[in-house]
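Worksheet for the structure shown next.
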Amino acid sequence: MQVVQQILFLLALAAAGYFIGQRIKTIRNTILLGRDEDRSDRPEERRAMMLRIAFGQQKMFDRPLIGLMHFVIYAGFLLINIEVLEIVLDGLLGTHRLFAPILGDTYPLLINFFETMAFGVLVVCVIFLVRRNITKVERLQATRHRELSGFPEIDANTILFSEIILMFFLLSMNAADSVLQSRGVEHFHPVGTFAFSGFLKPIFEGWNTTALIAYERLAWWLHILGILAFAVYVTYSKHLHIFLAFPNTYFSNLEAKGQMANMPSVTQEVKIMLGLEQPASEAPAEIARFGAKDIKDLTWKNLMDAYSCTECGRCTSQCPANLTGKALSPRKIMMDTRDRLEEVGRNMTQNKGQFVDDGKSLYGDYISAEELRACTTCNACVQECPINISPLDIILQLRRYQIMEESDAPGSWNAMFSNLENNQAPWKFSPADRFNWAQKEG
Amino acid sequence: MSQALEFKVPTMADMAMQGETPEILFWVGCAGSFDDRYKKVTIAFAKILHRVGIKFAVLGTEESCTGDPARRAGNEFLFQMQATMNIQVLDGYGIKKIVTACPHCFNTLKNEYPALGGNYEVLHHSEYLQQLINDGKVKMAEGGSFKGKKITYHDSCYLGRANEVYEAPRAVLEALDAELVEMKRCRTKGLCCGAGGAQMFKEPEKGNKDINVERIEDALETGAQTIAVACPFCMVMMSDGVKNKEKEDSVKVYDLAELIDASM
């Protein structure tokens, strides 16, 4: 019987590993569709950034109370993994609380620490559910933000519910276990009392031993299977930020936020036009698209940003365009980019790893001209993002495509362009009058 | 606030002819050259420089748009044409240090010209004014006209978030001995005036409110009768906001340079 359980456990673990592996491959392959951009410079600065922003969650503490609550879940996630390691080993080896004899007196201390974490996670998840569904924090409402309708809204609640259920199984398993320990049941050797599950003991004390063993085993299985299922689910969910926040902050933009990336392909043409350089005698290599129409025109970092986005909406809540009722939402830009990436990923999986043109693109099918044109490039979204995502960088690349490839500009922008070309100023003034302000008569 | 100039503003061409080099190039920008309201800021800043004896020059008719609005709109060709031509002029005169009163020019010259071969030390006029004040070169007159008055400062996105210049403009205002009151959204949380990203040159997209109206409400809430700005586009948007609220008689919008010029 024990061996059967061990085999089943191994199968479950292998299945989770397989599905997660497949997803990692797809995510990696779709990120690598993006343009090259060197983000390997200044490694020390990058490490410091990752430590501060991802490990230390510096930007989350912008709002101290929310920052603290998020930190409880984050620390819980990181540390409870040590207990999960014991559970996995128990499952594989057919042992029960493998670490208890090794750690001796430290073991109950450790379990109590994990229980404290688990209880903290549970409480914060309940508070977060309340904020989403009862007190209705504005930036999290699908009724106000169209990008949250459907899966994203369900996704957010699923994550919180799953974590509550997992923590409940963990605590109730410990409670049943400690009742069994106090009855001296074989296999359940005494390891001391537990802090939080102690409160659940009264529920189990009236149960007979067989029922208790059954519940303990059931909770153990549901907890670990739940964790494995959740780990697979995470790769489809906004919750992926728990892993990608780290590389994403490491590869942060380290330049001034106001700086737009140069386009060297344009520089060469401009120099030829101004007679500063001679055109190359051989036919020029095929020029890539100007700006970005679809995900493969964006950089790999833009694409990693999209997979890292947690849809918290801090960007959108500070966006001047969104605040005044315009169609633009920086969060939607990131979610659209990810949705398109997932679509391309499915396409590639179905076609043996090759993308077969589906006639769709990020610009047009997901993001509209109206959204792009509402952006004031104020960098509020970039400033707000707790993990240094830049929706602005995507917006500006799509604008370049819009203008340079499709010549699609509002009439007043075309007028501004022609003023610039003819008068070297965005308004229609004669360049000869540029210095008139200094005339002594004022 | 400003009066007419009582001195001749030197151009780089004049200086080069006399074999001289200025300490700084004052980059005036298009708004500073053509916009009637912002010309007053240009004059105020030139007067400050003249009064404290800074050897400066302007490009005059040789200056042209940095290309910022073209680049933000998506027209990279036009931006690079402008930038390349400007870099030729600047390098032709051997310019090393530039001061400008426009955060958009500041950002472009400072952060974006290097990739095209133009490397200069670039300062926004708020940073330069702060230096002049710290060095004791700019001194406020006793009982300056803004002493004890409430002033609120509107952060320009291209100065603040884009380049993390938050304190210099505030330090300049503090030199006025005024009571600096902050809006609820300030510094990193400052709300855009609505004109950046080439929005200045188009109608806003469909929405339920104009951004500058949203912002002017923040400013009026402080009770300040003077709104200080440090950007020509913010100047237009905030002034329009004041008009929209029909407060133009009681609330005034000034650039930092104008406030300093009037208090020296």
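Since every read-out is calculated from the coordinates, none of them should be taken as a lab result. Quick caveat: nothing in here was measured; it's all calculated off a predicted structure. FYI the Cβ positions are ideal-geometry reconstructions off the backbone, even for glycines, and counts take in every protein chain you see.
Observations, loosely collected:
- Spacing of the two label points (7 Å from each Cα toward its C-beta) at B:Phe7 and A:Glu277, in nm: 4.3
- Distance from the alpha carbon centroid of segment A:318-334 to that of segment A:9-48 works out to 29 angstrom.
- Shape of segment B:71-128, Cα gyration tensor, a/c cut at 1.5: oblate
- Shielding by partners - mean other protein chain Cβ count within 10 Å, residues of B:162-171: 2
- Residue of A:Gly120, A:Gly104, A:Gly17 that the Gaussian network model of chain A assigns the largest fluctuation, springs spanning Cα pairs under 10 Å: A:Gly104
- Proxy reagent accessibility, fewest Cβ within 10 Å first, across A:Leu240, A:Leu89, B:Leu129, A:Leu303: A:Leu89, A:Leu240, A:Leu303, B:Leu129
- Comparing A:Lys136, A:Lys257, A:Lys428 in a Gaussian network model of chain A, where Cα atoms under 10 Å apart are tied by springs, the biggest mean-square fluctuation is seen for A:Lys428.
- Mean-position separation - Cα centroids, segment B:110-131 and segment B:157-231, in angstrom: 21
- Gyration tensor verdict on segment A:288-424 (Cα atoms; rounded if a/c is under 1.5, prolate if a/b is larger than b/c, oblate otherwise): oblate
- The protein assembly as shown: calculated mean residue ellipticity at 222 nm from DSSP helix runs of at least 4, using -39500 (n - 2.57): -16500 deg cm²/dmol
- Pairwise centroid distance, computed over Cα atoms, of segment A:128-162 with segment B:14-33, Å: 57
- Overall dimensions of the protein assembly as shown, expressed as equivalent-ellipsoid semi-axes from the Cα gyration tensor (√(5λ), whole Å, largest first), are 58, 30, 21.
- In this structure, the amide hydrogen of B:Thr11, modeled 1.01 Å from its nitrogen in the peptide plane, lies closer than 5 angstrom to those of B:Val58, counting only residues at least 5 positions away or on a different chain.
- Segment A:188-260: Rg to Rh, with Rh as the Kirkwood radius over Cα pairs: 1.30
- Over segment B:12-130 - Rg/Rh using Cα atoms and the Kirkwood inverse-distance radius: 0.95
- A:Leu93/A:Phe199 FRET efficiency (R0 35 Å; Cβ-Cβ; nearest 0.05): 0.70
- Spatially proximal lysines relative to A:Lys293 (Cα-Cα < 21 Å; intrachain offsets below 8 disregarded): A:Lys301, A:Lys332, A:Lys360
- Helix runs (DSSP H) in chain A reaching 27 Å along axis by Cα, Kyte-Doolittle at least 0.5: A:2-31, A:64-93, A:106-133, A:151-182, A:209-234
- In the elastic network of chain A, a GNM with C-alpha springs shorter than 10 Å, the most mobile of A:Ala176, A:Ala211, A:Ala229 is A:Ala211.
- DSSP bridge orientation in segment B:140-263 - percent antiparallel, rounded to nearest 5: 0
- Among B:Tyr166, B:Tyr128, B:Tyr158, the order by Cβ neighbours within 10 angstrom, fewest to most, reads B:Tyr166, B:Tyr128, B:Tyr158.
- Peptides ranked, highest mean first, by Cβ atoms within 10 Å: ranges A:142-152, B:189-199: B:189-199, A:142-152
- Chain B shape via C-alpha gyration tensor axes, a/c threshold 1.5: oblate
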